[in-house]
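Everything below concerns the one structure shown next.
The values are calculated or read from the model by the stated rules, or taken from the named source; none is laboratory data. The shown structure was predicted, so the numbers you read here are calculated from the model rather than taken from an experiment. As a convention, Cβ positions derive from the backbone with ideal geometry for all residues, glycine included, and neighbour counts pool all protein chains shown. Surface accessibility is based on the protein's heavy atoms, side chains included, excluding ligands, DNA and RNA. Shrake-Rupley method; radii C 1.70, N 1.55, O 1.52, S 1.80 Å.
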Amino acid sequence: MIKNDLLLRAARGEQTERTPVWLMRQAGRILPEYRALRARLSGFKELVETPELAAEVTIQPVDALDVDAAIIFSDILVVPDAMGLTYEMVEARGPLFPETIRSAADVRKLRVTDPEEGLGYVLEAIRVTKRALNGRVPLIGFAGAPWTILAYMVEGHGSKTFSKARRMLYAEPALAHQLLEKITATTIAYLQAQVQAGANLIQVFDSWAGILPPNHYREFSTRYIAQICAALPNVPVTVFAKGAFFALEDFAQLDCQTIGLDWNQDPRTARTIIGDNHTLQGNLDPCALYGSPEQVQAATIEMLRHFGPQRHIANLGHGVYPDTDPASVRVFIDTVKEFSALAREGQI
Ligand code: CP3
């Protein structure tokens, strides 16, 4: 039994007393308690791969910020790691794959991993977190979309253009599909195992959606996201594809409950295109949290007005930036809670 199930009800399109709220990257460097724990460890990977510590960090924002959901502390790059392509997290720089995927032989060498074997530490972190949460709020599980994972596996690191990855789609489309199929098979088994371990909602992050042209996005990304959605019939699924404004018509056909919007999108336009069968999530600009408390409150209220009271999960339009003042995050969260409850009662 989950005591605060606002997130799940909003995802399913049920009426809610107020709008639920959580933040992408809520567990992490904005919280001093995260930085303190992280400083005692050898690095990011030790934190991700130690279930008790990952669970502790997952719950920190529930205690500190009073959000309506926890999201399991992990990373999208654990999937390529389990498939045989090891990543490193370089301090202050980000992820790095010392080896990348270049050829058919490289793709053949990758494993479609059994989740308990290759990703058992994430599943155990979910189980530990669920026990510790004791039904306070739902737990979100997640994975990267196959296209975004391919982008890192081929490029080897973050990039403005991801031109090696995009080159593969033009020069070697069959190879790209072989790779995407392997990633998708691994991701489906992994997400199903997350649900079995206790995840109450799944979010798929397509962080590099916005760098593809619409025809490539449909062929190399939406198609595989649709397979993932279809493989998770018993749990609400959220698809967050950053920069994919051009894909909203296709997303309206997806067998998922929620579509995440980044801050470039107008919620009213998105609602017109998506229709009424999906919940929308988002989409305050993370930079809005650098304003004064009054400014944060005003921006949050404007966002809530644009989404309207039902079928909305409040969030930022992407992950919270690490140098954001947690007090500003609290203003955002409290404003969502207070304003959306009053709006339901017709008081404003
Ligand atoms: O609270 C949460 O949202 C859960 C934690 C979470 C992390 N990564 C922890 C993390 C989630 C959901 C992710 C997903 C993720 N990882 C994405 C998709 C979301 C997005 O931002 O678009 C992507 C693209 C990655 C890959 C990744 N991991 C990058 C590019 C970086 C470096 C950038 C950065 O923020 O430092 C990471 C590292 C990372 N993942 C950190 C955290 C808390 C920082 C590591 C540290 O503590 O030093």
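Note on residue 249/residue 161: beta-carbon distance plugged into 1/(1 + (r/R0)^6) with R0 of 22 Å gives a FRET efficiency of 0.25.
Taking every DSSP beta bridge that has both ends in the stretch 6-344, the antiparallel portion is near 15%. Label reach from residue 218 (point 7 Å along Cα→C-beta): in the stretch 231-261, amide nitrogens under 14 Å belong to 246-254. Note on the chain: Cα-Cα pairs beyond 31 Å make up 30% of the total pair count. Simple spin-label estimate for residue 341 and residue 41 gives 3.4 nm between the two label positions (7 Å along the Cα-to-Cβ direction from each Cα).
Annotation: lysines with alpha-carbon distance below 21 angstrom to residue 109 (same-chain offsets under eight excluded): 164, 182.
What is the log10 of I(q)/I(0) for the stretch 1-133, computed with the Debye formula using one identical point scatterer on each Cα and no solvent, at q = 0.14, 0.22 Å⁻¹? Ignoring solvent entirely, the Cα scatterers give -0.76, -1.31. On a per residue basis, the chain carries 41 Å² of accessible surface, using protein heavy atoms and a 1.4 Å probe. Based on Cα contacts under 8 Å between residues 6+ apart, the stretch 6-344 shows a relative contact order of 22 percent.
Dividing the mean sequence gap of close Cα pairs (under 8 Å, 6+ apart) by how many residues the stretch 231-324 holds gives a relative contact order of 28 percent.
Computed extension length for residue 1-residue 91: 28.4 nm, one decimal, from 0.36 nm per residue of separation with the Cα-Cα distance subtracted. The 1.4 Å probe gives accessible areas that order 42, 221, 207, largest first, as 42, 207, 221. Checking the cross-link pairs 3/242; 3/130; 3/337; 3/45; 160/242 against a 22 Å limit on the alpha carbon distance flags 3/242; 3/45 as lying beyond it.
Relative to one another, the C-alpha centroids of the stretch 1-26 and the stretch 157-222 are positioned 27 Å apart. With a Förster radius of 30 Å, plug the Cβ-Cβ distance of residue 196 and residue 277 into 1/(1 + (r/R0)^6) and report the FRET value to the nearest 0.05. According to the calculation, E is roughly 0.65. For the chain, the 222 nm mean residue ellipticity estimated from helices alone, with every DSSP H stretch of n ≥ 4 adding -39500 (n - 2.57) and the total spread over all residues, rounds to -14000 deg cm²/dmol. Taking only the Cα atoms of the stretch 253-334, the radius of gyration and Dmax are 13.0, 40 Å. The candidates 1, 89, arranged from most to least accessible area with a 1.4 Å probe in the full protein assembly, appear as 1, 89.
Given +1 at the Cβ of Lys and Arg, -1 at the Cβ of Asp and Glu and no other charges, the dipole of the stretch 6-344 around its Cα centre is 320 debye to the nearest 20. Output the DSSP H helices from the chain with an along-axis C-alpha extent of no less than 15 Å and a mean Kyte-Doolittle hydropathy no less than 0.5. Span-like helices here: 51-65. In this Cβ point-charge picture (+1 for Lys and Arg, -1 for Asp and Glu), the stretch 247-348 has a dipole of about 280 debye about its Cα centre. For residue 53, neighbours were defined as the other residues whose beta-carbon sits under 10 Å from its Cβ, and their charges (Lys and Arg +1, Asp and Glu -1) total -2. Along its three principal directions, the equivalent ellipsoid of the stretch 170-268 from the Cα gyration tensor extends over semi-axes of 21, 19, 10 Å, largest first.
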